[in-house]
1. Would you pick out the residues in region 38-58 that are assigned to a helix (DSSP H, G or I), of a type outside the set (A, V, I, L, M) and either more than 16 Å from Ala80 (Cβ to Cβ) or in contact (Cβ under 8 Å) with a residue 24 or more places away in the chain (or both)?
2. Looking for something at pLDDT below 85, β-branched (Val, Ile, Thr), surrounded by 13 or more Cβ atoms within 10 Å (Cβ to Cβ) and over 12 Å from the mean Cα position of the chain (by Cα) - is there at least one such residue anywhere in region 109-116?
3. For region 32-48, which positions are under 13 Å from Met74 (Cβ atoms) and not hydrophobic (A, V, I, L, M, F, W, C)?
Amino acid sequence: MAGDLKQDEIDHLLDSLKNTADFDETALKVNSSEIVIKKAKTVRALTNRLYFAMAMRASSEVISYAKQDLHNEMFGLWCANRGIEKNDYYTLIKKELKRRGLRYVSSNPSGFKLVKVN
């Protein structure tokens, strides 16, 4: 069984992790709004950078890097809004997938698929 992992599936999986014993809700409260505000400002700056590159008809490589930087920072903002670090998110997801007998595999075209481990 293979399929693309959609954002709502990621949200559902993260919500289900909150009920596990390894998920310490009090440790996540350390997150301050200053971090979220800083990341939001960075996302806005990177969005403007991407729009500027597109308006100036920059090379596809420059636009690609701008898109990638924006995507990475938006994911960081998504994590910050939920009070977790990126590495913690990946650790939790991998642990939960292993518990459920699933794993990531590379796919063609680029991206990842979830497959059932036999």
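The values are calculated or read from the model by the stated rules, or taken from the named source; none is laboratory data. Note that the coordinates shown come from a computational prediction; the quantities given were computed from them, not determined experimentally. We place every Cβ from the backbone using ideal geometry, glycine too, and count neighbours over all the protein chains shown.
1. Within region 38-58, Lys39, Thr42, Thr47, Asn48, Arg49, Tyr51, Phe52 qualify.
2. Filtering region 109-116 for residues at pLDDT below 85 gives 109-116.
Subsequent filtering for residues that are β-branched (Val, Ile, Thr) retains 115.
With the extra rule that they be surrounded by 13 or more Cβ atoms within 10 Å (Cβ to Cβ), the set shrinks to 115.
Cutting the leftovers down to over 12 Å from the mean Cα position of the chain (by Cα) gives us 115.
Within region 109-116 (the criterion being at pLDDT below 85, β-branched (Val, Ile, Thr), surrounded by 13 or more Cβ atoms within 10 Å (Cβ to Cβ) and over 12 Å from the mean Cα position of the chain (by Cα)), the answer is yes, since at least one residue qualifies.
3. Just the residues of region 32-48 that are under 13 Å from Met74 (Cβ atoms), to begin with: 36, 39-47.
Residues satisfying the conditions are Lys39, Lys41, Thr42, Arg44, Thr47.
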